[in-house]
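> Pasting a structure here, questions to come.
What follows is calculated from the coordinates using simple rules that are stated; it is not laboratory data. Please read all numbers here as calculations on a predicted model, not as lab measurements. Don't worry about glycine lacking a Cβ; one is built from the backbone with ideal geometry, like all the others, and counts go over all protein chains shown.
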Amino acid sequence: MVDFTKLLTGILIAGAASFSACRSSETTPQEELPADYLALKTGSSVQTSTGLAVRADSVTVSICPDNANCFAPNSAGVVLRLSKASQSQSVRLFAWIPNYTRRPNGSQVFTDSAGVDFSGQRYKVILRNGHYSDRSNPERSSEVIVQVSPIE
């Protein structure tokens, strides 16, 4: 009985050590974003320091797994609703990940940014990146990084 207890204890300790050593890269703390950068998932809303409300109506991220042949390269897309006071505008952005890679036909198409105006103030909205915050559930954890900056 003592040998069985020692064996079971050894297995539990080894299992606990192995489990604690296996950490997903998604759980590591991310760098803090600059003030005008926003991390958004579908349905999330953020108020910027300039009083602009930014809501992500839709976020899609498509990342080709390692060692796989994919039809399309890695990409991210977002539909944003921006509002300030009683004004509201929708913006649809798309970017290859990493940004600014060449498309298969060789053309350089930038569809990752838009300009919006609210009461005489112009803002630049740029889709910077996209990733999964949890690879085990990509559909619910697609997240994009968007930069929203006033243009002086």
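> Percent relative contact order of the range 31-151, based on C-alpha pairs within less than 8 angstrom and at least six residues apart?
25
> Could you go through the range 50-66 in sequence order and give the Karplus-derived ³J(HN,Hα) for each residue, using 6.51 cos²θ - 1.76 cosθ + 1.60 with θ = phi - 60°, rounded to whole Hz, and x for Gly and Pro?
8, x, 8, 8, 10, 10, 8, 6, 8, 10, 10, 10, 10, 10, 6, x, 4
> Separate question: Residues with amide H under 5 Å of D112's amide H, sequence separation 5 or more or different chain, H placed in the peptide plane at 1.01 Å from N; which?
Under 5 Å from the amide H of D112 lie the amide H atoms of F94, each far enough along the sequence or on another chain.
> Can you give me the distance in nm between label points at D117 and S136, each placed 7 Å from the Cα along the Cα-to-Cβ direction?
For D117 paired with S136, the spin-label model returns 5.0 nm.
> Provide the packing ranking of 112-120, 143-151, i.e. peptides ordered by the mean count of other C-beta atoms within 10 Å per residue, highest first.
143-151, 112-120
> While we're looking at this one, here's another question. Using only alpha carbon positions, build the gyration tensor of the range 31-151, then give the equivalent ellipsoid semi-axes as the square roots of 5 times its eigenvalues, largest first, whole angstrom.
Equivalent ellipsoid of the range 31-151: 27, 17, 11 Å, largest first.
> Just subtract the alpha-carbon distance of S44 and Q87 from 0.36 nm times their residue separation and send over the number in nm, one decimal. It would help to have the intermediate numbers written out before the result.
Details: separation 43, 0.36 × 43 = 15.48 nm, distance 1.90 nm.
Result: 13.6 nm gained on full extension.
> Applying the Karplus parametrisation 6.51 cos²θ - 1.76 cosθ + 1.60 with θ = phi - 60° to the phi angles of the range 37-49, what ³J(HN,Hα) value in whole Hz is obtained for each residue in order, glycine and proline being reported as x?
9, 10, 9, 10, 10, 3, x, 7, 10, 9, 9, 7, 5
> Enumerate the amide H contacts of F118 below 5 Å, restricted to partners 5 or more residues apart or on another chain; note that Pro and chain-start residues carry no placed amide H.
Residues meeting the amide H criterion: Y123.
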